[in-house]
Structures are given as C-alpha cells and as structure tokens.
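> Sharing a structure, written as structure tokens. Questions coming.
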Amino acid sequence: MKPDRVTATPAALDLLAAIRADHGPVMFHQSGGCCDGSAPMCYAVGEFKLGTQDILLGDVEGAEVYISAPQFEVWKHSQLVLDVTKGRGGMFSLDSGRALRFLSRAKLFTPDDLRALGL
Amino acid sequence: MNVMSETSAKFASPFKTRYDNFIGGQFVAPVNGRYFENTTPITGMKINDIARSDAADIELALDAAHKAKDAWGRTSPTERSNMLLKIADVMEANLDLLATCETWDNGKAIRETMAADLPLAVDHFRYYAGCLRAQEGTMSEIDADTVAYHFHEPLGVVGQIIPWNFPLLMACWKLAPALAAGNCVVLKPAEQTPAAVMVFAELIADILPAGVLNVVNGFGLEAGKPLAQSPRIAKIAFTGETSTGRLIMQYATENLIPVTLELGGKSPNIFFKDVCREDDAYFDKAVEGFVMFALNQGEVCTCPSRALIQEDIYDEFMERAIKRTEAIVMGDPRAQGVMMGAQASQEQRDKILSYMDIGRQEGAEVLTGGAAAKLGGELDSGYYIQPTILKGHNKMRVFQEEIFGPVVSVTTFKDEADAMEIANDTMFGLGAGVWSRDANTCFRFGRGIQAGRVWINNYHAYPAHAAFGGYKQSGIGRETHKMMLDHYQQTKNMLVSYNPNKLGFF
C-alpha cells in the first residue's frame, strides 16, 4: 500500500481547525529558501496560484498540500509531518500572528514505502 | 563550542517601551490601537510593544507617500545626495546605539553589528549618494536633426518588505537606492525584528521631508500583504522565501508592477587540494572561510552551507576546520568577545533542529555540534544552536534545502568535473566560494558556478559596488550596486526633432 506523503500531528490538526474556523477552506504550499523558508505556508484556497510546477503531496483533513517540483525532487524520499511550534512568522501564511505556527518535520520512507511509491 | 558566561544585569535595553508607526514624518499610533509584544531572542523576554498595523495603516502611509512624491521626485540629485550623506553621518554618530539595537532585536553578536552590519549600512547611503551624483542620462543622435534624450525619473511610491536576519542592513540596502532614485517608500520590517528600524527612523526623522520614508510595523498577513497587493505602489521589493516570493510576484501581476526578489540559496564553498599545499596564512584564511557558515548564526541567505572538500585533503583540512568551529565562543551576544549569539526566534531554532533530525535520519554523520546549546541562566530561555558540521552527500535534504542556521553540510569531490557538478546541483544560485592557489582554477569556477556572487579566496564580504543577487530560484535583481538605481527608476525618452520641415506624408 502506498504510504501517505503527508501526515499531521494532533497539534497541527488543532491549529488547522482554528484557522479554518476563521478563514474557511485552506491549502498548504511548502516554501523553500531563506528566512521563513523551508516552512509550510497556509493560504485560503484560491489565494496562491498553483501552476504546472507544483506537485500535490496529499492532504491533511481535506486541506491539500503542495510543493514545487524542484523541491519535490529532493523531498520525495521523505514524508512531510505537519507539526506546530511557537512563533508568529509565516509572512502571508494564515498562521501569521497566532501564538503557534506550522512547522514541517520529516520521516524518511522505509525501503518498502519507497517501493510502493515506485522509487 | 566555547561558552562565555555573563550576567545580564549590565545590559540595559536601548529601546523605548513602545513604538508607533512612522508615517508622514510623525510617529502615529496604529488605527486599530493594537500592539504586539516584541521579544528578544537572547532571553526570549519581552522588550517592548510594537504597532500591530493593518491595511488602514498601510493606506495612511501610502497617503503620506503620495502626498510627498511629486516634490521629492523634483529635488535635485545634489539635494537628495546630501540628505543621504546626512543619514549616513547620523547613523555613524549613533553607531553604538544602532548596533546595540540590532543585537537586542535579532540576537546576533555585538561584535558583528559593530564591525559589519552598521558600518556597511552607513557606507551604503554614502555609496548611493555618490552614484546619484555621478549618474547621467543619455543622448542619442538619431540623425542630423533628431535627438533621443533619456532621462531617469523616479517610479513614485514603492513598497519594501524587509527580512529579520539583518533588520537594519537589509532595510538600508533597499532604502538607499530607492530614496536616491527619488522615490517615496513604505517599508514593512519583519515582525520578528521590528524595533531597530524604528530607532533608525527616530534618528533620521528630521533629515527627509515628511512622507518620503514611512515605516509600518505589524504581521506579514495583516500589514505586509495589503502593502504587496496595493495598486498604489509602483514597485515591490522583497527578501525572504520562495512561496511568499511567488505570491509577491502574483500580486504584482495584478497591478502590472515590477518586483525585485532575493529568495535565498544553498551556497557551495569549494576547497581544492592546493589549499593545503602549505601551512601558511592562506591556509589559515581558507579554514576561516569554511567556518564562515557560523557568521550571523548561519542566518544569511548566502551562508556557505555546503562545503565541498577535495578528497585528497579531507582529513587534514577537516581536522583544522572542526577545531576552528569548536573554538567559536557562544554566549550572550551583547557581551564583547562572543562570536555567536541566538537564532532570531523559537520557530527558527525549531526548524534548524528539525533539519538536524532529517540529516540524522538520512545518515549524515555529525562531526561536531548537532543540538541546541544550553548556555545557562537567563539565556536558557533564548534560542541557541551549537555550530554544527554534518557529513554526507549532495542528494541529502540537508545539502539541498536552506536550513538558515549554523549548520554546514560537508562532502568530498574527486576532481574539477565532480566539484562543478555538485556545486551546480541545487535549485538555488545566490552565492558560492572557491578556494584555490591556482588562478586558472579560480577563474574557471568563478565563471562556471551558476550563482550571482562567487567569492574567490574570500567569503561573506558585502561591499557596496559589488552586485548581489541570484540565479535560478534565488531571485530577481541586483542589490548593493548602482545598477539597483535602474530598478527604482523609469526611463523617459524624449524624441526631439530640430527640423522645421514637414515629412510630406499628409
């Protein structure tokens, strides 16, 4: 069976629920680069224009999680574990200004997982 | 890692307890009356309250900027240049204060803010003051009595969103060319480091006409986004990460305005075997060049976060490099002699630790460091990471993603072809370092590496008049060079006929 490319901790699900209560349907885009980079950004559905170079990793309770194709190349052997930490950054991400913000952790796929994913 | 223990009682906050926005030459309370707590990453403790602005405050700042822009755009280059020189003088006269503010706000070592951040910021205003005086339009002779004149004109009102890693220096990198070019600015500092820029604004408030510089604090979502989306800005400049960079471009398309972006890197620092040919001053300099990954706690877009060592010298070079890394003195960044201070926020510290976890899972070997640093006393509630060296290969995530911390990932290469392939196997292209005693090797790699800045036999120098910017996903535009003036100017072409005779078409 194919493993999930994205999972979330209970704390991340709580934060997601709180953001949805305020903002409605949301999605995630995993950022790269400096400062607040290498962090998951949470946007209202339709806010962030997805393109041909975005890969859908999966969803967290219906919230789709995307990553850019070049970044997917270096991520594909790991599972994104959506978690939270204390903080208020995130630029235009909907977790901005709350006491908590999303944090990407990772779990390496096992050889069986990789085979199931065709890698 | 060494630790310097200090009692904090002797460090007094350089800040006021509350900062409003700086709009139209005045300090103005946020319309909604809200403030947020600004903490220092040194201890995690609150230092002051900062305006938590929203779209209404951005509109007020844009009102002030638009009111000021016509008169400011008409000032002579001499007048504007002189004002930039005055700003530089005031900053220099208050260098200790501003450096202290920067250290409290960001957590970086006072020796760096005193010796690098502030002197560079001061020099930046002087550089653009000079560029402006020397800038000329052009005149093209189209034919015997037709002439095309090209004039530089300001864009008008521009938006600038500043990162938290060099709060004052990055603000000055963006402000100096924009102001020199005759623009009015609405600037949004990072919410992690909002205070030092307000001290700067206080110091220079009387130099610039009201409304030319406006600083609005608040969160990215609440204040940065309405600025980036505003149809009342003629350009937006941003330093940060890729998803927000894309959103900034997306918003700019809605208003058809230009953007400049600086979005980070994963810079290779390459050490060829001839580095070890002699144990001399140059070898010592090269070892220091390796340890530059720890400058500013690694929170630099050009952090040399991938070290490529020729396999012949790996053991010899790394023995020295590890020793030098372990000699880094951590401690309270406000204390003289401390080399490395705090990461800018808890979330930043946690992200760095999550990458150490990923590196371990991927099989990277920890050569030194590899954990948070416990420094004792009130610093225990600050955000410290041990300078860390990981060994692995270039396909590991710790070699491909920006960690933005004091973490370098080391690998070896066999020959030049191998080194070039590894160096360019990255989605970014901001900085790179090349270390060799052979000028031909240096030149080939300087040209061959796909990055906007290649340091040859030095690293982490940021002088004005050397262009800084990225290839690939590292951004658009070049800062710290007179060419940035072009990014803040329109070109007006006036095509003039000096011939009194008609064409004869109609």
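> Which one of these does A:L80 not meet: (1) free of Cβ contacts under 8 Å to residues at least 60 places away in the same chain; (2) more than 29 Å from B:N38 (Cα to Cα)?
Only one criterion in (1) free of Cβ contacts under 8 Å to residues at least 60 places away in the same chain; (2) more than 29 Å from B:N38 (Cα to Cα) is unmet by A:L80, namely (1).
> Of all residues in region B:44-60, which are open to solvent by 10 Å² or more (accessible area, probe 1.4 Å) and closer than 18 Å to B:L221 by Cα?
Start the filter on region B:44-60 by keeping residues that are open to solvent by 10 Å² or more (accessible area, probe 1.4 Å), which leaves B:44-47, B:49, B:52, B:54-56, B:59-60.
Within region B:44-60, B:R52, B:D54, B:A55, B:A56, B:E59, B:L60 qualify.
> Here's something else I'd like to know. Can you find a residue in region A:73-82 that is facing chain B (nearest Cβ under 7 Å), buried (at least 24 other Cβ atoms within 10 Å of the Cβ) and out of contact with any Phe, Trp or Tyr (no Cβ under 8 Å at 6 or more places or on another chain)?
No, that holds for no residue.
> Only one of (1) in contact (Cβ under 8 Å) with a residue 24 or more places away in the chain; (2) open to solvent by less than 20 Å² (accessible area, probe 1.4 Å); (3) touching a Gly at 6+ places or on another chain (Cβ under 9 Å) is not met by B:A373, so which one is it?
Failing condition for B:A373: (3).
> Exactly one condition in (1) in contact with a helix residue (DSSP H, G or I) (Cβ under 9 Å, 6 or more places away or on another chain); (2) of a type outside the set (D, E, K, R); (3) buried (at least 16 other Cβ atoms within 10 Å of the Cβ) is false for B:G431; which is it?
Here B:G431 clears every test but (1).
> Could you check region B:434-464 and list, in sequence order, the residues that are basic (K, R) and open to solvent by less than 30 Å² (accessible area, probe 1.4 Å)? Let's see the steps before the verdict.
Within region B:434-464, the first condition is being basic (K, R), and the residues that meet it are B:437, B:444, B:447, B:453.
B:R453 - this is the single residue of region B:434-464 that is basic (K, R) and open to solvent by less than 30 Å² (accessible area, probe 1.4 Å).
> Quick check on my filter: what residues within region B:190-206 are in contact with a Leu (Cβ under 9 Å, 6 or more places away or on another chain) and either surrounded by fewer than 24 Cβ atoms within 10 Å (Cβ to Cβ) or free of Cβ contacts under 8 Å to residues at least 40 places away in the same chain (or both)?
B:V197, B:V199, B:A201, B:L203, B:I204, B:A205
> Could you grab me the full set of residues in region A:3-34 that are more than 14 Å from every other protein chain (Cβ to nearest Cβ) and of a type outside the set (A, V, I, L, M)? Please lay out each step first, then the result.
Going residue by residue through region A:3-34, those that are more than 14 Å from every other protein chain (Cβ to nearest Cβ) are A:3-8, A:10, A:13-14, A:16-18, A:20-21, A:24-25.
Listed by number, the residues that qualify are A:P3, A:D4, A:R5, A:T7, A:P10, A:D14, A:R20, A:G24, A:P25.
> So which pairs qualify, if the first residue must be in region B:344-364 and at the interface with another protein chain (Cβ under 7 Å from one of its Cβ atoms) and over 10 Å from B:G405 (Cβ atoms), the second must be open to solvent by less than 10 Å² (accessible area, probe 1.4 Å) and part of a helix (DSSP H, G or I), the Cβ gap must be under 8 Å, and the two must be at least 6 apart or on different chains?
Final answer for the pair search is B:I358/B:R397; B:I358/B:V398; B:E362/B:R397; B:E362/B:V398.
> Take B:E316 and tell me if it is touching a strand residue (DSSP E or B) at 6+ places or on another chain (Cβ under 6 Å) and open to solvent by 10 Å² or more (accessible area, probe 1.4 Å). Step through it out loud before you land on a result.
Numbers: touching a strand residue (DSSP E or B) at 6+ places or on another chain (Cβ under 6 Å): no; open to solvent by 10 Å² or more (accessible area, probe 1.4 Å): yes.
In short, no.
> Also, quick follow-up: If a residue counts only when it is within 18 Å of B:E401 (Cα to Cα), which strands (runs of 3 or more DSSP E) contained entirely in region A:1-84 have at least 2 such residues?
Working: elements: A:6-8, A:26-30, A:40-44, A:54-60, A:63-68.
By residue number, A:26-30, A:40-44, A:54-60, A:63-68.
> Shifting gears a bit: What are the residues in region B:252-275 that are of a type outside the set (S, T, N, Q) and either within 14 Å of chain A (Cβ to nearest Cβ) or free of Cβ contacts under 8 Å to residues at least 60 places away in the same chain (or both), if any? I'd like the intermediate steps shown before the answer.
Of the residues in region B:252-275, the ones of a type outside the set (S, T, N, Q) are B:252, B:254, B:256-259, B:261-266, B:268, B:270-275.
Within region B:252-275, B:A252, B:E254, B:L256, B:I257, B:L261, B:E262, B:L263, B:G264, B:G265, B:K266, B:K273 qualify.
> Moving on to the next point. Which pairs turn up if I take residues in region A:22-40 that are surrounded by fewer than 24 Cβ atoms within 10 Å (Cβ to Cβ) and look for partners that are of a type in the set (D, E, K, R) with beta carbon separation below 7 Å, at least 6 apart in sequence or on another chain?
A:V26/A:R20; A:M27/A:E64
> Name every residue in region A:52-68 that is open to solvent by 60 Å² or more (accessible area, probe 1.4 Å) and in contact with a His (Cβ under 9 Å, 6 or more places away or on another chain), in order of residue number.
Of the residues in region A:52-68, the ones open to solvent by 60 Å² or more (accessible area, probe 1.4 Å) are A:52-53, A:56, A:59, A:61, A:64.
Passing the criteria: none in range.
> Return only the number of the condition from (1) buried (at least 22 other Cβ atoms within 10 Å of the Cβ); (2) out of contact with any helix residue (DSSP H, G or I) (no Cβ under 8 Å at 6 or more places or on another chain) that B:F125 does not satisfy.
(2)
> Hey, another quick one. Does B:D70 qualify as being free of Cβ contacts under 8 Å to residues at least 40 places away in the same chain and more than 27 Å from B:P41 (Cα to Cα)?
Numbers: free of Cβ contacts under 8 Å to residues at least 40 places away in the same chain: yes; more than 27 Å from B:P41 (Cα to Cα): yes.
Considered against the rule, which asks whether it is free of Cβ contacts under 8 Å to residues at least 40 places away in the same chain and more than 27 Å from B:P41 (Cα to Cα), B:D70 comes out as yes.
> While we're looking at this one, here's another question. Restricting to region A:92-113, count the residues that are at the interface with another protein chain (Cβ under 9 Å from one of its Cβ atoms) and either more than 18 Å from B:T39 (Cα to Cα) or at pLDDT 95 or above (or both).
10
> Taking the condition more than 22 Å from B:A121 (Cβ to Cβ) and either of a type in the set (S, T, Y) or in the same structural domain as B:P177 (by the TED database) (or both), does B:A68 pass?
Details: more than 22 Å from B:A121 (Cβ to Cβ): yes; either of a type in the set (S, T, Y) or in the same structural domain as B:P177 (by the TED database) (or both): yes.
When the stated conditions are applied, B:A68 passes them.
> Turning to a different aspect of this structure: Can you list the helices (runs of 4 or more DSSP H) found entirely within region B:409-496 that contain at least 1 residues being polar (S, T, N, Q)?
Working: elements: B:416-424, B:439-448, B:483-487.
Qualifying helices (runs of 4 or more DSSP H): B:416-424, B:439-448.
> Identify all residues within region B:209-251 that are in a helix (DSSP H, G or I), at the interface with another protein chain (Cβ under 9 Å from one of its Cβ atoms), in contact (Cβ under 8 Å) with a residue 40 or more places away in the chain and not small (G, A, S); write none if there are none.
Matches in region B:209-251: B:E222, B:T242, B:I248.
> Taking only region B:252-280 into account, find how many residues are surrounded by fewer than 21 Cβ atoms within 10 Å (Cβ to Cβ), charged (D, E, K, R) and not in a helix (DSSP H, G or I).
4
> For region B:132-180, which residues satisfy the criterion of being open to solvent by 50 Å² or more (accessible area, probe 1.4 Å) and among the aliphatic types (A, V, I, L, M)?
Selection gives B:A134, B:M139, B:I142, B:A144.
> Still on this model: Name the residue that is surrounded by the most Cβ atoms within 10 Å (Cβ to Cβ), counting only residues in region B:334-355 that are assigned to a loop (DSSP other than H, G, I, E, B) and more than 20 Å from the chain's Cα centre (by Cα).
Start the filter on region B:334-355 by keeping residues that are assigned to a loop (DSSP other than H, G, I, E, B), which leaves B:334-339, B:341-345.
Now narrow it down to the ones that are more than 20 Å from the chain's Cα centre (by Cα): B:334-338.
Details: B:R334: 22, B:A335: 20, B:Q336: 10, B:G337: 11, B:V338: 24.
Across region B:334-355, the extreme among qualifying residues is B:V338.
> Condition test on B:I42, is it away from every other protein chain (no Cβ under 14 Å), in contact (Cβ under 8 Å) with a residue 40 or more places away in the chain and not in a helix (DSSP H, G or I)? Walk me through how you get there before you give the answer.
Numbers: away from every other protein chain (no Cβ under 14 Å): yes; in contact (Cβ under 8 Å) with a residue 40 or more places away in the chain: yes; not in a helix (DSSP H, G or I): yes.
Criteria met by B:I42.
> Among the residues of region B:413-428, which ones are surrounded by fewer than 19 Cβ atoms within 10 Å (Cβ to Cβ) and not aliphatic (A, V, I, L, M)?
Result: B:K414, B:D415, B:E416, B:D418, B:E421, B:N424, B:D425.
The values are calculated or read from the model by the stated rules, or taken from the named source; none is laboratory data. Fair warning: this is a prediction, and the values are worked out from it, not measured in the lab. Positions of Cβ are generated from backbone atoms using ideal geometry, with glycine treated the same way; all protein chains shown enter the neighbour counts. Just the protein is used for accessible areas: all its heavy atoms, side chains included, with ligands, DNA and RNA removed. Shrake-Rupley method; radii C 1.70, N 1.55, O 1.52, S 1.80 Å.
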